[in-house]
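A short worksheet on the structure shown next.
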Amino acid sequence: MSKIKKFYRPENLDTALELLSDEKNMVIGGGTTVAMNVPGSISGLVSLKKLQLSEMKVTGSKVEIGGGTTAQELYKWEGINNVWGGILTSACRNIGSTLTRNLVTVGGNIVSVFPWSDIPVVLMLLDGNVVSTGNNKVPFQKYFEKSPVSQGYGKDKIITGIEIEKNTGNEGYFWETFQKTKVDFAMTTICGLIKTENKIVKELRLAIGAVSVLPVRLTGVENALIGKELTESALREALKKEFENVKIRDDFRVSKGYICEVTENLIVKNLMKGL
Amino acid sequence: MELKLNINDKLHVLDIEPGDLLVDVLRKSGYKSVKIGCREGTCGTCTILLNGNAVNSCLVFAADCEGASIHSVESLGTMAEPHPLQEAFVKHGATQCGYCNPGSLLSAKALLNEKPDPTEEEVKEALDGNLCRCTGYVKRIEAILAASKKMRS
């Protein structure tokens with residue numbers, strides 16, 4: 001017998017927010033997470049489907065993606081294929097299976113933020129904002145500093161979309177994830193971009209996910225290497241130092257030492273390959 | 001609560017509980033081809049077409065589907081007149097125990113609706129959520145490619 005006694009399909013954001021002010025109600029995008037496990041205190045669901053937040057468009061230097069866009073729609077959208085080297089397309093492709101990608105929404109993926117969520121780690125790398133009700137905009141890196149739910153997202157703020165600044169196109173990109181099977185949750189996900197001139201690192205951005213509760217931007221490594229010639233030994237040293245500050249989460253599948261080593265090797269492989 | 005669904009091109013007005021999952025509602029309504037498997041979106045036995053997209057019906061709240069168009073494998077073909085995909089599954093040995101077949105067929109149907117001439121890679125990707133423990137996957141890929149060829153001709 002389901003604990004859900006009410007199901008709401010509001011037609012505007014104000015009504016949705018009013019419904020969500022009741023602590024017994026919970027917002028759903030695609031609803032995939034809640035369908036598997038309804039939190040104990042929840043007896044009402046507020047679906048955002050009727051709000052039609054699934055528009056995707058390119059406006060000048062900006063790419064705008066509605067919060068209700070499914071991972072599959074985003075994956076198949078040509079507008080994002082060449083933006084930031086297509087790493088968002090790669091990340092979306094990795095979400096579950098075609099069947100789940102047709103349900104999972106961008107908004108849901110960045111509010112629920114499971115450690116293995118694929119979109120958040122890529123957003124940590126990009127210039128852009130999470131957009132919520134009232135046209136409030138928060139840069140991606142700031143948004144993922146704390147759990148979005150603890151910041152009131154999905155309760156007194158509804159994510160209406162994300163906006164991404166287009167890149168210059170002169171950088172090299174990589175995205176890779178490590179998992180046992182295609183539909184397994186990632187053990188580690190890495191992504192990055194690098195721009196060099198005469199072997200000197202001009203720009204470097206690195207982000208990792210799955211190894212910690214929230215995605216992490218490796219600013220220590222970035223700062224240590226920008227302006228210098230990239231060598232494998234310098235990169236490994238900077239990564240080891242940075243991992244001392246990352247709170248690695250418990251994962252029954254792998255030891256913390258092992259996952260740090262895998263993450264380090266994936267980053268080294270991808271960065272050195274690109275030079 | 002009342003729910004209007006268009007199942008296999010026929011309008012249904014159903015009485016459901018707000019927390020009912022689509023897989024259970026469809027089975028209660030007689031669409032037994034929609035199988036219960038993992039109930040967590042991993043196995044794909046509960047696959048249906050929701051507004052043309054293949055999805056896991058175990059991860060969808062029925063109440064969220066008001067007015068939606070749903071297709072189960074019952075809409076595909078009959079014993080007397082099977083769909084080319086069903087024919088190809090039999091011909092190419094892509095069916096053994098048969099439990100995954102409704103889901104696999106619907107994922108294949110969604111693919112062929114969008115891409116009548118898919119590559120092998122596109123077939124693999126479209127069926128990446130439909131586990132099949134009997135046939136080893138190769139047979140159904142062959143079947144879908146053969147069906148697409150037949151349907152185009």
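Determine if the stretch A:164-178 includes at least one residue that is within 17 Å of residue A:113 (Cβ to Cβ) and surrounded by fewer than 22 Cβ atoms within 10 Å (Cβ to Cβ).
Here is the first cut: in the stretch A:164-178, the ones within 17 Å of residue A:113 (Cβ to Cβ) are A:177.
If we keep only those that are surrounded by fewer than 22 Cβ atoms within 10 Å (Cβ to Cβ) too, we end up with A:177.
Taking every residue of the stretch A:164-178 in turn, at least one turns out to be within 17 Å of residue A:113 (Cβ to Cβ) and surrounded by fewer than 22 Cβ atoms within 10 Å (Cβ to Cβ).
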Check your understanding: Taking the stretch A:19-74, which residues are away from chain B (no Cβ under 14 Å), surrounded by 21 or more Cβ atoms within 10 Å (Cβ to Cβ) and assigned to a strand (DSSP E or B)?
Key -> A:63, A:65, A:66
Exercise for review: Could you grab me the full set of residues in the stretch B:116-132 that are of a type outside the set (Gly, Ala, Ser) and touching a residue at least 12 places away in the same chain (Cβ under 8 Å)?
Suggested key: B:116, B:117, B:118, B:120, B:123, B:124, B:127, B:130, B:131, B:132
Review point. Has the stretch A:133-143 got any residue that is within 14 Å of chain B (Cβ to nearest Cβ) and either assigned to a helix (DSSP H, G or I) or of a type in the set (S, T, N, Q) (or both)?
Key: no
Check your understanding: Which of the residues spanning the stretch A:222-245 are surrounded by fewer than 13 Cβ atoms within 10 Å (Cβ to Cβ) and either assigned to a helix (DSSP H, G or I) or of a type in the set (Asp, Glu) (or both)?
Key -> A:223, A:229, A:232, A:233, A:241, A:244
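For residue B:38, state whether it is more than 9 Å from chain A (Cβ to nearest Cβ), within 18 Å of residue A:96 (Cβ to Cβ) and surrounded by fewer than 16 Cβ atoms within 10 Å (Cβ to Cβ). Break it down stepwise before answering.
Working: more than 9 Å from chain A (Cβ to nearest Cβ): yes; within 18 Å of residue A:96 (Cβ to Cβ): yes; surrounded by fewer than 16 Cβ atoms within 10 Å (Cβ to Cβ): yes.
Taking the combined requirement at face value, the residue satisfies it.
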**Study point:** Subset of the stretch A:8-18 (residues that are open to solvent by less than 60 Å² (accessible area, probe 1.4 Å) and over 26 Å from the mean Cα position of the chain (by Cα))
**Key:** A:10, A:15
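Restrict the check to the stretch B:17-25 and report whether at least one residue is open to solvent by 50 Å² or more (accessible area, probe 1.4 Å) and within 17 Å of the chain's Cα centre (by Cα).
Kept after step one, since they are open to solvent by 50 Å² or more (accessible area, probe 1.4 Å), are these residues of the stretch B:17-25: B:17.
Those left that are additionally within 17 Å of the chain's Cα centre (by Cα): none.
Looking for residues that are open to solvent by 50 Å² or more (accessible area, probe 1.4 Å) and within 17 Å of the chain's Cα centre (by Cα), one finds none in the stretch B:17-25, hence no.
Test residue A:122 against the criterion of being open to solvent by less than 10 Å² (accessible area, probe 1.4 Å), under 14 Å from the mean Cα position of the chain (by Cα) and under 19 Å from residue A:188 (Cβ atoms), and give yes or no. So that I can check it myself, show each step before the final result.
Working: open to solvent by less than 10 Å² (accessible area, probe 1.4 Å): yes; under 14 Å from the mean Cα position of the chain (by Cα): yes; under 19 Å from residue A:188 (Cβ atoms): yes.
So residue A:122 fits the description; yes.
Report, by residue number, each residue of the stretch A:229-253 that is aliphatic (A, V, I, L, M) and under 15 Å from residue A:190 (Cβ atoms).
Within the stretch A:229-253, the subset aliphatic (A, V, I, L, M) is A:230, A:234-235, A:238-239, A:246, A:248.
If the condition is that a residue be aliphatic (A, V, I, L, M) and under 15 Å from residue A:190 (Cβ atoms), then A:235, A:238, A:239, A:246, A:248 are the ones that fit.
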Exercise for review: Among the candidates B:97, B:58, single out the residue that is buried (at least 18 other Cβ atoms within 10 Å of the Cβ) and in contact (Cβ under 8 Å) with a residue 24 or more places away in the chain.
Suggested key: B:58
Point to revise | the stretch B:112-137: number of residues that are surrounded by fewer than 18 Cβ atoms within 10 Å (Cβ to Cβ) and of a type in the set (Val, Ile, Thr) | key: 1
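The values are calculated or read from the model by the stated rules, or taken from the named source; none is laboratory data. What you see is a predicted model, and the numbers here were worked out from it, not measured in a lab. Note: ideal-geometry Cβ built from the backbone for every residue, glycine included; neighbour counts use all protein chains shown. The protein model used for the area step is the full one, side chains on, heavy atoms only, and it has no ligands, DNA or RNA in it. Shrake-Rupley method; radii C 1.70, N 1.55, O 1.52, S 1.80 Å.
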